[in-house]
Amino acid sequence: MPAAAAAAARAARLLLPCLSQTTATRLLHASASQGAAREASGSFIHPAAVVHPDAVVGQGVSIGPFCTVGPSARIGDACQLHAGSHVVGDTELGEGCVVQTGAILGADIPGQTIIGENNIIGHYATVGIKCQDLKYKTGDECFLHIGRNNEIREYSSIHRSSKFCDCTVIGDNNLIMGSCHIAHDCKIGNNNIFANNTLFAGHVVVEDCIHTAGAVVVHQFCHIGSYSFLGGGSVVAQDVPRYMMVAGDRAELRGLNLEGLRRNGFSDQEVRSLRKAYQKVFMPTITIESSFEERLAELTHINRNGKMSCQKLLLYPAWWNQFACRLIKDVEGFANSEVGTVHKLISS
């Protein structure tokens, strides 16, 4: 019996490499047959990549080694998936996107992640994963929608919404530097620059052309107005009006974002008008004994005879609507004649 057992063991050792080679050959043949149409479309899929046969892969796509693409994924034309990147769950990747090594897009949970055209997802970034909100209920649908031409750098994290009736949204042409975090249900506009380690809590609204310095923290439900600047290391716990510069812990107004206004094409006359309105509201002289609310009421009364209605402005909080009305009233010569400039001031 011992001799028979030893002989059987030797036979198993001899057969095992043959069986492993046969199994690997079958898997390679299966992968080749499933990817025949993709090869015909001009796409390159590395033999070490795992692409589900139900995944939709466009033309001219390059998928590197050790990538995984799930059954519900849709990869647009001319996308590049670098080695070790992953597209998971119901995730749509627009044309011309680049997903760098280690990045993870989507998650195997209900809902959807939609990423527009020409986006760059940096090394080890996580985009479209489950939120960190304890109110999220397992099984609920959650959503993320990203626009075009964004660059999301290494180790950044962007989460889906916390409930089925909401959506995390990122617009177009944003630069999100390394290790930034955008939490559930945030609404990010266009042409923003977020420096390293900028952290947005849930439900934050960021308009357009915002610039943050490094290590900025923004409290949940805050609203950051267009053309504003958040100084490095700031802890922002309140809404930030448009055109302003804030800094500190907790962040306070530090004046107009003059450099940001210049870079975004505001004329000298426009900047002078904005400065005049800022001084009127936030820097009254000591001879003026009126309260803050009284000054706002005065400005609102002045603006009632103007051509432009406050109702056309983005409202967030009520006092800023009154301030914004005065800003447009003070910008003489272009508030109702220069369509492009007016659009720049009131666009959401």
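Quick one: would you say residue 202 is in the same structural domain as residue 128 (by the TED database) and in contact with a Pro (Cβ under 9 Å, 6 or more places away or on another chain)? So residue 202 fails the test. Only one entry of 106, 76, 89, 111 meets the criterion of being modelled with pLDDT of 95 or more and over 18 Å from residue 142 (Cα atoms), and that entry is 76. Checking every residue in region 178-186 against the condition of being in the same structural domain as residue 216 (by the TED database), open to solvent by 20 Å² or more (accessible area, probe 1.4 Å), farther than 13 Å from residue 126 by Cα and free of Cβ contacts under 8 Å to residues at least 40 places away in the same chain gives zero matches. More than 21 Å from residue 259 (Cα to Cα), touching a Cys at 6+ places or on another chain (Cβ under 7 Å), open to solvent by less than 10 Å² (accessible area, probe 1.4 Å) and not assigned by the TED database to the domain that holds residue 274: is that true of residue 226 in this structure? No: the conditions fail for residue 226. Residues in region 229-245 that are part of a strand (DSSP E or B) and open to solvent by less than 10 Å² (accessible area, probe 1.4 Å): 230, 236, 240, 244. Residues in region 251-281 that are of a type outside the set (Ser, Thr, Tyr), over 19 Å from residue 231 (Cα atoms) and either in a helix (DSSP H, G or I) or in contact with an Asp or Glu (Cβ under 7 Å, 6 or more places away or on another chain) (or both): 268, 269, 270, 271, 272, 274, 275, 276, 277, 279, 280, 281. Selection over region 149-170 of residues that are part of a strand (DSSP E or B) and among the acidic types (Asp, Glu) gives a count of 1. Within region 269-280, residues that are small (Gly, Ala, Ser) have Cβ atoms under 9 Å from residues that are open to solvent by 30 Å² or more (accessible area, probe 1.4 Å) and not in a helix (DSSP H, G or I) in these pairs: 273/332, counting only partners at least 6 apart in sequence or on another chain. Note on region 149-167: among residues that are under 15 Å from residue 119 (Cβ atoms) and among the polar types (S, T, N, Q), the one that is most open to solvent (accessible area, probe 1.4 Å) is 149.
The values are calculated or read from the model by the stated rules, or taken from the named source; none is laboratory data. The structure displayed is predicted, hence computed values, not measured ones. Neighbour counts are summed over all protein chains in view; Cβ atoms, including those assigned to glycine, are modelled from backbone coordinates with ideal geometry. Calculation scope for accessible area: heavy atoms of the full protein, side chains included, ligands and nucleic acids excluded. Shrake-Rupley method; radii C 1.70, N 1.55, O 1.52, S 1.80 Å.
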